[in-house]
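Q: Have a look at the structure that comes next, please.
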Amino acid sequence: MSNQYHGKKLYKYMNAGQAIYEVRGNKIYKCINLFHPIYEIKDNAIYPYMDLVQAEFEIRENKIYQYNDMYQPIYEIR
């Protein structure tokens, strides 16, 4: 399955500064260390890498929210 977010970067919400994370395939890496993935994307949820038990974040309309808290986005994908 092709990941729709591949090649995109994650920024703090409402902040035009530097990207914090980068998506490659279905894995999320810190921009300063592209060798070790931090998170993994599955079904619009973001899990800790290699631990698909409890999601930490949820993706909705290119915004990332803390899982089960849909009021204030934390990151945005561009």
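None of the figures in this text is laboratory data; all of them are computed from the coordinates on show. Everything numeric here is computed off the predicted structure, so don't read it as measured data. With ideal geometry, Cβ positions are generated from the backbone for all residues, glycine too; neighbour counts draw on all protein chains shown.
Q: Once the principal axes of the Cα atoms of the chain are found, what is the range along each, listed largest first in whole angstroms?
A: 28, 27, 20
Q: Net charge near Ile20: determine it from the other residues with C-beta under 13 Å of the C-beta of Ile20, scoring Lys and Arg +1 and Asp and Glu -1. All intermediate terms of the calculation are to be shown ahead of the outcome.
A: Values: positive: Lys8, Lys9, Lys12, Lys30, Arg78; negative: Glu22, Glu76.
Computed value for this residue: +3.
Q: Taking amide H atoms as placed 1.01 Å from N in the peptide plane, list the residues 5 or more away in sequence, or in a different chain, whose amide H sits under 5 Å from that of Lys27.
A: Ile41
Q: Let me ask you something else. Could you pull out the longest piece of the chain with no exposed loop GluC sites (Glu not before Pro) in it, calling a site exposed if DSSP puts it outside H, G, I, E, B and it has at most 14 other Cβ atoms within 10 Å?
A: On the way: sites that count: Glu56, Glu61.
For GluC sites (Glu not before Pro) (loop position, at most 14 other Cβ atoms within 10 Å), the longest site-free span of the chain is 1-55.
Q: Something else about it: Excluding Leu34 itself, what net charge comes from residues whose Cβ is under 11 Å from its Cβ, given Lys and Arg +1 and Asp and Glu -1? Walk me through the numbers on the way to the answer.
A: On the way: positive: Arg24, Lys27, Lys30; negative: Glu22.
Surrounding charge for Leu34 is +2.
Q: For the chain, what does the relative contact order come out to in percent, with C-alpha contacts under 8 Å and a separation of six or more? Write out the running numbers ahead of the final one.
A: Values: 156 pairs, mean separation 18.7, N = 78.
Once normalised by length, the contact order is 24 percent.
Q: Amide H neighbours of Lys8 under 5 Å, at least 5 residues apart or on other chains, H built in the peptide plane: list them.
A: Val23
Q: Write out the trypsin sites (Lys or Arg not before Pro) in the range 1-46 meeting two conditions: DSSP loop, and at most 10 other Cβ atoms within 10 Å of their Cβ. Write out the running numbers ahead of the final one.
A: Working: sites: Lys8, Lys9, Lys12, Arg24, Lys27, Lys30, Lys42; in loops: Lys8.
Sites meeting the loop and neighbour criteria: none at all.
Q: I need the phi-derived Karplus couplings for the range 62-78: 6.51 cos²θ - 1.76 cosθ + 1.60, θ = phi - 60°, integer Hz, Gly and Pro marked x.
A: 6, 10, 10, 10, 4, 4, 6, 9, 8, 8, 10, x, 9, 10, 10, 9, 9
Q: Right, next: Assuming R0 = 22 Å, what is the FRET efficiency of Ala19 and Val53, from their Cβ-Cβ distance, to the nearest 0.05?
A: Details: r = 28 Å, r/R0 = 1.25.
Between Ala19 and Val53 the formula returns 0.20.
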